[in-house]
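I have a structure I would like to understand better, so I am pasting it below and will then ask my questions one at a time.
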Amino acid sequence: MMMSVVPELAQDFLDACKRKGILATTAESCTGGQIIALLTDIPGASKMVDCGFVTYSNDAKQTMLGVSPATLDAHGAVSAQTAREMAEGALANSKANIALAVTGIAGPDGGTEEKPVGLVFFAVAVKGQPTRVEKREFEDNGRDHIRNETVRTALVMGISALG
């Protein structure tokens, strides 16, 4: 169940894209396409959205986004480096000018001491600007909570990146 503020953030993000006259794309792992689904739920989104990449497996990250096998080997799928390459790969493989990328551990399994459930890396790539990467650790209040917080944070970062 999406928190009520999230659809408003999606609208705000699309409004920012519209003001800038640019298209958006997403590169999603732990959210499984929730960000692009939320954006495309909004009537008229086709004017601001190019595509969304749901790259759950490492193979998909490499094939669809060009994430380097060396990056995955050295840092893992849940890392700042992978988030950056996902965002930049989404830009390179679309007509978009802004990409929101997320990779993390939504649980209930998959966490380790180094990478606990709730750890998410975000990257926002805007053409002609340095890619912004952030790390968050959300409280492990269940998979839905972590995914909702991830969607919310990605949209807030996207709005911020577009000024």
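Every number in this text was worked out from the coordinates using simple rules, so none of it is lab data. As the structure is a prediction and not an experimental result, all values here were calculated from the model. Neighbour counts run over all protein chains shown; Cβ positions are idealised from the backbone, glycine included.
Among the residues of the range 142-153, is any under 13 Å from residue 29 (Cβ atoms), in a helix (DSSP H, G or I) and without any contact (Cβ under 8 Å) to a residue 60 or more places away in the chain?
Scanning the range 142-153, I find no residue that is under 13 Å from residue 29 (Cβ atoms), in a helix (DSSP H, G or I) and without any contact (Cβ under 8 Å) to a residue 60 or more places away in the chain, so the answer is no.
Just to be sure I understand, how many residues within the range 44-71 are touching an Asp or Glu at 6+ places or on another chain (Cβ under 9 Å) and either closer than 12 Å to residue 91 by Cα or of a type in the set (Asp, Glu) (or both)?
Going through the range 44-71 one residue at a time, the tally reaches 4.
Can I ask one more? What about residue 5, is it of a type in the set (Val, Ile, Thr), exposed (fewer than 15 other Cβ atoms within 10 Å of the Cβ) and more than 12 Å from the chain's Cα centre (by Cα)?
Yes; evaluated as a whole, the condition is true for this residue.
Hey, can you tell me all the residues within the range 113-145 that are surrounded by 14 or more Cβ atoms within 10 Å (Cβ to Cβ) and under 24 Å from residue 93 (Cα atoms)?
If the condition is that a residue be surrounded by 14 or more Cβ atoms within 10 Å (Cβ to Cβ) and under 24 Å from residue 93 (Cα atoms), then 120, 121, 122, 123, 124, 125, 126, 131, 132, 133, 134 are the ones that fit.
Are any residues in the range 146-155 of a type in the set (Lys, Arg) and crowded, with 21+ Cβ neighbours inside 10 Å, and if so, which ones?
Of everything in the range 146-155, just one residue is of a type in the set (Lys, Arg) and crowded, with 21+ Cβ neighbours inside 10 Å, namely 147.
Going through the range 124-163 one residue at a time, which ones are under 16 Å from residue 32 (Cα atoms) and either among the aromatic types (Phe, Trp, Tyr) or in contact with a Lys or Arg (Cβ under 9 Å, 6 or more places away or on another chain) (or both)?
149, 150, 153, listed by residue number.
Next question, about the same structure. Name the one entry in 89, 158 that is buried (at least 22 other Cβ atoms within 10 Å of the Cβ), more than 23 Å from residue 9 (Cβ to Cβ) and touching a residue at least 60 places away in the same chain (Cβ under 8 Å).
That would be 89, the only listed residue that is buried (at least 22 other Cβ atoms within 10 Å of the Cβ), more than 23 Å from residue 9 (Cβ to Cβ) and touching a residue at least 60 places away in the same chain (Cβ under 8 Å).
Next question, about the same structure. Has the range 25-35 got at least one residue that is over 21 Å from residue 131 (Cβ atoms) and without any contact (Cβ under 8 Å) to a residue 12 or more places away in the chain?
Within the range 25-35, not a single residue is over 21 Å from residue 131 (Cβ atoms) and without any contact (Cβ under 8 Å) to a residue 12 or more places away in the chain.
Condition (residue is polar (S, T, N, Q), touching a Ser or Thr at 6+ places or on another chain (Cβ under 9 Å) and either under 19 Å from residue 132 (Cβ atoms) or not in a helix (DSSP H, G or I) (or both)) applied to the range 84-95: is it met by at least one residue?
Yes, the range 84-95 contains at least one residue that is polar (S, T, N, Q), touching a Ser or Thr at 6+ places or on another chain (Cβ under 9 Å) and either under 19 Å from residue 132 (Cβ atoms) or not in a helix (DSSP H, G or I) (or both).
Please go through the range 50-61 and pick out each residue that is β-branched (Val, Ile, Thr) and crowded, with 21+ Cβ neighbours inside 10 Å.
Within the range 50-61, just 55 meets the criteria.
Take the residues of the range 95-116 that are farther than 13 Å from residue 29 by Cβ and among the small types (Gly, Ala, Ser): which is nearest to the chain's Cα centre (by Cα)?
Only one residue fits best here, namely 99.
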